[in-house]
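Written out below as structure tokens is the structure these notes cover.
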């Protein structure tokens, strides 16, 4: 019993640590958990509406400098000289590493492991019981719910890469179409010589008429299982990087026109479907500060906006490649290239009008790459800071996450001060590699993609449950890359009450039909025999997890969607049974009640100086 | 060794028995197997083109009489009096029961079981080896195959019920549409009073605007598992048989207009997809001889014809229900109602022009119902013949199958004599119940639907392999009714080389997306990690299994599709690697070679007198 009290205390502290990081970055934290901890968590709308802004506000004239990998804002030159930054929270690495080590210790602590394991088992059994007792009542509730069913509840594809957002057949058709309609258009330039589309295909010894999805070869197969490297090369149609550059990139001779056209075709399909939304990832690599204005220009010039899409910026963790090609002097420079343009556009939107506009539709950041790549370096407060990280070695996952979080946090506070939208940090996490990744994300992420490895750590899984951290799962992607479909923990997570949604990741590589997200739902429903209520709960989760605006969420989920429990559910919009909502709410409150005393007494060091 | 020789002999005899039954009914038998047995199997086109006919041929004036459950044809009244039937093969029950008992003995014979079990294991291991060695070469072959990929190879939905051929969302939309556009139309009649669509819904206390897929409740759920009775009631939208009658029947006050319109909408989608075909089942119950002219009129009046559909007639095995309601005096009458109109339309097409026309597009018969229902009666040559089967008890599965086969066989021979198209017998078989069903079908069926229970009998499974009997499998249907998806033997059957295809059974009950057949392929591909070559092999099998015409098959599969082995494969049309075709062919020849001596020496009693 004493052991368990200690476990409860440690878990409570872990939750409070997360709350601190979430508050600082304008990330979200569940009201129920906050209420039981008696924290001052305001029931603010989870997200500001990116459309309510007037035009570019005036220049504040602030100066920005990177120090130790984090951008600091100064009111003016004098303050910069005096090293007195503008009053914003700036993170402190020492506290961060202390917090990290608390959680790291926790996940290997015997009694806490036992405690969490037992609670999770209990959650699973409790749901089975609920299902046996209430399945028919839930369905009855849904049957008497007029006009709303699984087909017309809103679903958000919470994790999808723009460069693979069309399916293989769509890409094939598009390539053929361009060749038929404009074979003589100049589409590239090599050593000053213009190259037409026909010449591109001639040089590949290929007639697009003969092209098939087989020769296109962008679909993941059995060969990609546990081979992320092979998977990455599938982004090259016909194995030719020329075609990837031409069709799937925003920066090329055509100014990314083909890519924009395809993305817009996908967007039109979503708009026609009416009930489907998606959050595609666009890349910023951090090679150069020009990437941002170029991306914004691509977005505006080709009118890529769609009401059914919200954009997320993905940053690949490939500093080592750029460094070894001498494109970057240090990791600090990469961070600067990624974040400085955003600070500048925030301080002086009038001089960065395109970027300012584009950022209205960007709702978050993602961190992407192969998590199974091992790193020799252990991140700690002794690690070299980004400005002196000049080696060719790649920093570890946790290092990337901390510095992305740190800069997003400062940026969000600056933007908040101006009444501008803020960004959610939504990294890929727990797809493979070390489970410590999930510890980093527990502190720094609003929500994550994948989360498979929660399977392997009862403590983390229970914490993710208590903090209701949204997890965008992609079982079909996992099936091709890391974990067989039947072994995917989605069903188990859903049953226990973790906040899971379904997403496609890469329709180009993984899906067969025209409706990738529906394919994802259909397969999950069939293989795991999910009920309509299960499906609608997942769909509701996906809207909550997404970066859609407060107003949109009210429209899609109900006026009070941000409240927890049945009160926050409008069955006429979500088609989730109130019986289910009540079960989830009571269950969460019950779990939290074991921690509530501990939660009130624990003390937490502030992250910021 | 001696044991195995005996096993080989028995298996050879079993194959020869099947060949006899197939030949008599104009069913198909694989050329390879026939060649090794040195039988006179002509390499005829597997199916006559139903379009090559001139208009209704003249009346032959023959007379038809049912005797012992089988229709006999007489040239004229005098011959009838003399009981000298027209020279056609008429089956002999005694021989049939002897043949049945040979196979029945075989499937429980120890040495034969061991032999077949070992051969099947060998086949599976051999394929694994083939896959490991040749997977990349197969894919390379497909990649260099121009213009053809999985998306544009022809696929036939070989098993689908017309009354459930639209998905749930489609049915819902259609119901709402009719209510919006013609609420005041009279759609039914009760005691002489006309009832409008609005009144129908008023009496159900329902506003179609509020209707959802949940309240429609036609989708199979966890409740239907092993409950065929519950599943059958899912055919009633909103649980109301009125709506089933109105929307899903060919005979009602509107002359089946709504049903026809929905089927045509499904047909338009197939035509647009261009590469997808389907073989929907329409019901003939055998309650009255009027069913046939009514069905033909429905087909013609509403112009239900589509180039992408071929029709199959399903006969539900529900004599007991009709008998207990006193709608039928005997089982013989039911058979007469089913078959006599066809004999008459064949003998005198000019007086049955609509039926004659409709039959051009009917390619086969199906026998449907819950196979798991137990019957007390054991079919033998001592069983009461159909004309004296007057009890309320339902005849067993094997009885149904024999008498359907017997009449189809005589009918096919009569039609063949006139140059008219023949019908394939394609019953549901091996979905549940006794494995002896698969013995009946081994003799009487051209091909079957389901075949799940082959899993349980190595001898039958091996015989189905050797005779390459096509099996239309529907794993999603099984998943809702009889067998979890992951336990479905499709993948294993495919690997061993059984002739399997994929089909949807009931999109209304089982599927989620707009493209039910693609959903079926996609889920199989994902869960079982099927390769493109696997998928295209299944698609090719589906065309072969189907009732599409010789000309169509040549167009879809290649000029020589009816030849076996790589010679019969045109990769440019099928996208099946020649390496795969060669493997299958060599493997089959190898298996047959063990039987070849035995096959030449065995003697078989003629079925017909």
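No lab work stands behind these numbers, since they all come straight from the coordinates. Quantities reported herein were computed from a predicted structural model and do not represent experimental measurements. Positions of Cβ are backbone-derived with ideal geometry, glycine not excepted, and every protein chain shown enters the neighbour counts.
Size descriptors for the protein assembly as shown: radius of gyration and Dmax over Cα atoms are 34.1, 124 Å.
Just how many % of Cα pairs in the range A:390-486 lie over 20 Å apart, if you round to the nearest whole percent?
45 percent
In terms of other Cβ atoms within 10 Å, A:480, A:457, A:546, B:215 run from fewest to most in the order B:215, A:457, A:480, A:546.
On full extension, the segment bounded by residue B:608 and residue B:133 gains 166.1 nm, given 0.36 nm per residue less the C-alpha separation. Look at the stretch A:516-525: the mean tally of other chain Cβ atoms within 10 Å of its residues' Cβ atoms is 4. Sorted shortest first, the separations between the residue B:589 label point and its copies elsewhere in the assembly read 7.5 nm; each point sits 7 Å from Cα along the Cα-to-Cβ line.
An ellipsoid equivalent to chain B, defined through the eigenvalues of its Cα gyration tensor, has semi-axes of 37, 31, 23 Å when rounded to whole angstrom and sorted largest first. Of all DSSP bridge pairs formed entirely within chain B, close to 30 percent run antiparallel. Across the range A:489-609, Cα-Cα pairs farther apart than 20 Å form 55% of the total. Among B:74, B:465, a tally of other beta-carbon atoms within 10 Å of each Cβ gives an order, fewest to most, of B:74, B:465.
When you work out D = kT/(6 pi eta Rh) for the range A:296-382 at 4 °C and 1.567 mPa s, using the Kirkwood radius from C-alpha pairs as Rh and the Stokes-Einstein form, the result is 84 µm²/s. Please give the FRET efficiency for residue A:416 paired with residue A:140, using the beta carbon to beta carbon distance and R0 = 51 Å, rounded to the nearest 0.05. Rounded to the nearest 0.05, the efficiency is 0.65. Using every pair of separate Cα atoms, the Kirkwood estimate puts the hydrodynamic radius of the range B:116-206 at 19.4 angstrom. For the peptide B:139-151, the mean number of other protein chain Cβ atoms found within 10 angstrom of a residue's Cβ is 5. The coefficient of translational diffusion for the range A:305-435, derived via Stokes-Einstein from the alpha carbon Kirkwood radius under 37 °C and 0.692 mPa s, stands at 206 µm²/s. Exposure proxy for A:584, B:540: other Cβ atoms within 10 Å of each Cβ, ordered fewest to most, give A:584, B:540. In plain terms, the chain from residue A:593 to residue A:202 could stretch by 133.9 nm, reckoned as 0.36 nm per residue minus the Cα-Cα distance. For the range A:168-292, the direction-averaged projected area of the alpha-carbon convex hull comes to 9.8 nm². Helical content of chain A, expressed as a calculated mean residue ellipticity at 222 nm, amounts to -15000 deg cm²/dmol (DSSP H runs of 4 or more residues, -39,500 (n - 2.57) each, divided by residue number, nearest 500). Full extension of the chain segment joining residue B:186 with residue B:230 gains 12.7 nm, where the gain is 0.36 nm per residue of separation less the Cα-Cα distance. How would you classify the range A:224-352 from its alpha-carbon gyration tensor, with a ≥ b ≥ c the square roots of the eigenvalues: rounded for a/c under 1.5, else prolate if a/b is greater than b/c, otherwise oblate? The shape class here is oblate. FRET efficiency for the pair residue A:98 and residue A:121, taken as 1/(1 + (r/R0)^6) with r the Cβ-Cβ distance and R0 = 41 Å, rounds to 0.85. Counts of other chain beta carbons within 10 angstrom of each beta carbon in peptide B:209-219 average 6.
When peptides A:334-344, A:245-255, B:194-204 are ranked by their average number of other Cβ atoms within 10 Å per residue, the highest-first order is A:334-344, A:245-255, B:194-204. Across chain A, the relative contact order, built from alpha-carbon pairs under 8 Å that are at least six residues apart, equals 25 percent. The modelled label-to-label distance between residue B:147 and residue B:108, using points 7 Å beyond Cα along the C-beta direction, is 5.7 nm.
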